[in-house]
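This report concerns only the one structure given below.
Rule-based calculations on the coordinates, nothing more; no lab input. Not measured: the values here are computed from a predicted model. Cβ placement follows ideal geometry from the backbone for every residue including glycine, while neighbour counts extend to all protein chains displayed.
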There are 2 protein chains.
Amino acid sequence: MSFSEKELEKKILKKIRNVPNFPKEGIQFKDISTLVKDVDGLKDSVNFLYEKYRDKGITKVAAIEARGYIFGGALAIKMGAGFVMMRKPGKLPYKTLSETYELEYGTDSIEMHVDGIEKGDKVLIFDDLLATGGTAKAACNLVEKAGGEVAGVGFVIELTGSLHGRDKLVGYDVFALVKIPVEE
Amino acid sequence: MSFSEKELEKKILKKIRNVPNFPKEGIQFKDISTLVKDVDGLKDSVNFLYEKYRDKGITKVAAIEARGYIFGGALAIKMGAGFVMMRKPGKLPYKTLSETYELEYGTDSIEMHVDGIEKGDKVLIFDDLLATGGTAKAACNLVEKAGGEVAGVGFVIELTGSLHGRDKLVGYDVFALVKIPVEE
């Protein structure tokens, strides 16, 4: 990481708010609403991601709802790529592909339209937060099921420490704008 | 509307897919996933909106989850404005303002962080679809509660005919990229 990237990372990190005990007691929630309501915060984040992925031949940005869309739409336009929605079950109107993944207690699913990704697409998967990596891995599976190639998995924030999100994404090109250690 | 705007409207309209009977029997759902996965579809939509609002002194784009974020983030960057999330209840981590509005059966609510909009902000409210106008009107109320001024209410699609969404937004500057009549 170059000097200017380090500076940019610090600038972005400062604009992320910590909200204690959300969504439940003991969780330190990383709130990007303070980053995106800042004119430079959102722009710098998208530009930083663009620099990272501009030479990868990305044809589609597949973003995970809802916060991933804020950055993903702008990034897709900047890269000359199409934008694909990854959504919770039952939200997409057309025929879908679905992937189920495990949570601490129970399971969850993520869906994508069957025609969102085509064979040969080079796909950047994007979400705001890498925590346990379950959703992102399911998104990778969806893209590959549709015949696409995962060219990168990008995040605004990576929670480092006990969650080991990267371990679920071994073999993929994973990048996060900022890293925040999980407080134990 | 100029000749080139008419052409652009036609181009955008062609990229929106009709999905019959979603989310329930008899509803013709207007699917923008085919618009945004098209490189020009998303870019043209954002540029068209930008041209419409560039001279209004917009300081914040407040978009309604989730599809509104795809366009809203890119639009905010292009206009040099901040981006504010409007979300379903319980999704935002920090202190919120809330507005309740009526549905055909029952009510729904929409929330925004208390510090999303500041006094004096000139706000563009953005969503993908104007149907009955209930959500958009609640979003206007939220902005005004926070001391902001609603400088415009923008949509990708306006459903015209029996829904009368515009009637709920009288007094506001309402604009939609395309108009689609509701089939009865």
Select from B:V114, B:V61, B:V46 the residue whose mean-square fluctuation is largest in a Gaussian network model of chain B (Cα-Cα springs shorter than 10 Å).
B:V114
The protein assembly as shown - Rg (one decimal) and Dmax (whole number), Cα, Å
19.7, 61
Quick one: compute the contact order of the range B:50-166, relative version, from alpha carbon pairs under 8 angstrom and 6+ residues apart, as a percent.
26 percent
Could you run the Debye sum over the Cα atoms of the range A:54-181, one equal point scatterer each and no solvent, and tell me log10 of I(q)/I(0) at q = 0.12, 0.15 Å⁻¹, two decimals?
-0.40, -0.63
Would any residue of the range B:38-76 have its amide N under 16 Å from a label point 7 Å out along Cα→Cβ of B:K6? List them or say none.
none
Computed [θ] at 222 nm, helices only, for chain B once each DSSP H run of length n ≥ 4 contributes -39500 (n - 2.57)
-9500 deg cm²/dmol
How would you classify the range B:121-184 from its alpha-carbon gyration tensor, with a ≥ b ≥ c the square roots of the eigenvalues: rounded for a/c under 1.5, else prolate if a/b is greater than b/c, otherwise oblate?
prolate
Just for the Cα atoms in the range B:87-157, what are the lengths along the principal axes, largest first, rounded to whole Å?
33, 25, 16
What do you get when you divide the Cα radius of gyration of the range A:1-124 by 2.2 N^0.38 Å, with N the number of residues?
1.22
Per residue of B:80-90, what is the mean number of Cβ atoms on other protein chains within 10 angstrom of that residue's Cβ?
4
